[in-house]
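The values are calculated or read from the model by the stated rules, or taken from the named source; none is laboratory data. Bear in mind the structure is a predicted one, so any value in this text is a computation, not a measurement. Backbone-built Cβ (ideal geometry, glycine too); neighbour counts: all protein chains shown. Side chains are part of the model used for accessible areas, which takes the heavy atoms of the whole protein and leaves out ligands, DNA and RNA. Shrake-Rupley method; radii C 1.70, N 1.55, O 1.52, S 1.80 Å.
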Amino acid sequence: MLFHFKSVKNRSQFKEKGEKMMKEHVLVILPHPDDESYGVAGLIALNRKKEVPVTYACATLGEMGRNMGDPFFANRETLPLLRKQELINACKAMDINDLRMLGLRDKTLEFEDDEYLADIMEEIIDDVKPSLIVTFYPGHGVHPDHDACGEAVIRALYRKKKEDRPRTLCMAITRNREEVLGEADVVLDIKEVADIKMNALRAHRTQTEGMLRELEEKLKNNEPVMATWFEEEVYWTYQWND
């Protein structure tokens, strides 16, 4: 079941733009609420500043997550609804105009039938007709759900002629990513939208509050490793082998 969260104001703005602008459309497909805020919030915010439509398809509600807030305010029963609302709030922070919750179960994507998952992704891709897709690089997502999601997206795209596939950027978070894939070929400067990324992360309270308190303290101390979170995002263009 798909859940649509749309901004009427933004739809009216898009109608005022020319046909060329309407052809630009970013589709982000990730498995968990907060994956988008950690990894893609800068790219999303930069596109929304240009009034490019962004659709976010989130496969699960992350209902099996271990974090329950810091201090605790969630439990296993309340976490799914809390994370759903946090996802909606994060999308508002990033000005995402189309949120689709796919209703799959957290920590089970790797056990779903490969073709079934690809069918779901293909349906969304065909509906949105994106000019750019962002997902996890298969084999480099660390979490099994990350890899399963990325694999399903790529499998769906392989069903299309090569010339009909949109540009596909992937996040890779394995330690050996550069050894296997080479250096990232897309490095985005996101400093101008760093505040949006921070607000998107803040929206995921159950998952990020404790971490963000420590992070903000480190940012005040100008610790360079932590500061890079809000300075750039890196992506690998998927390399088709056909």
With all protein chains present, the chain has a carbon and sulfur share of its accessible area (1.4 Å probe) in percent of 49 percent
Mean Cβ count within 10 Å, highest first, over the residues of peptides 37-43, 77-83
37-43, 77-83
Set the bar at 19 Å for Cα to Cα. Now go through LYS84/LYS218; LYS129/LYS161; LYS49/LYS218; LYS49/LYS162; LYS50/LYS160; LYS129/LYS160 and name every pair that lies beyond it.
LYS84/LYS218; LYS49/LYS218; LYS49/LYS162; LYS50/LYS160
At 15 Å minimum axial length over the Cα atoms and a Kyte-Doolittle cut of 0.5, report the qualifying DSSP H helices in the chain, or say none.
none
Restricting the count to DSSP beta bridges whose residues both fall in the chain, what percent are antiparallel, rounded to a multiple of 5?
30 percent
Per-residue ellipticity at 222 nm for the chain, helices alone: DSSP H runs ≥ 4 residues times -39500 (n - 2.57), over residue total, nearest 500 deg cm²/dmol?
-13000 deg cm²/dmol
Once amide H atoms are built 1.01 Å from N in the peptide plane, which residues 5 or more positions from ILE133, or in another chain, come under 5 Å H to H?
LEU27, ARG167, THR168, LEU169
Region 172-202: which trypsin sites (Lys or Arg not before Pro) are DSSP loop and have at most 13 other beta-carbon atoms within 10 angstrom?
ARG175
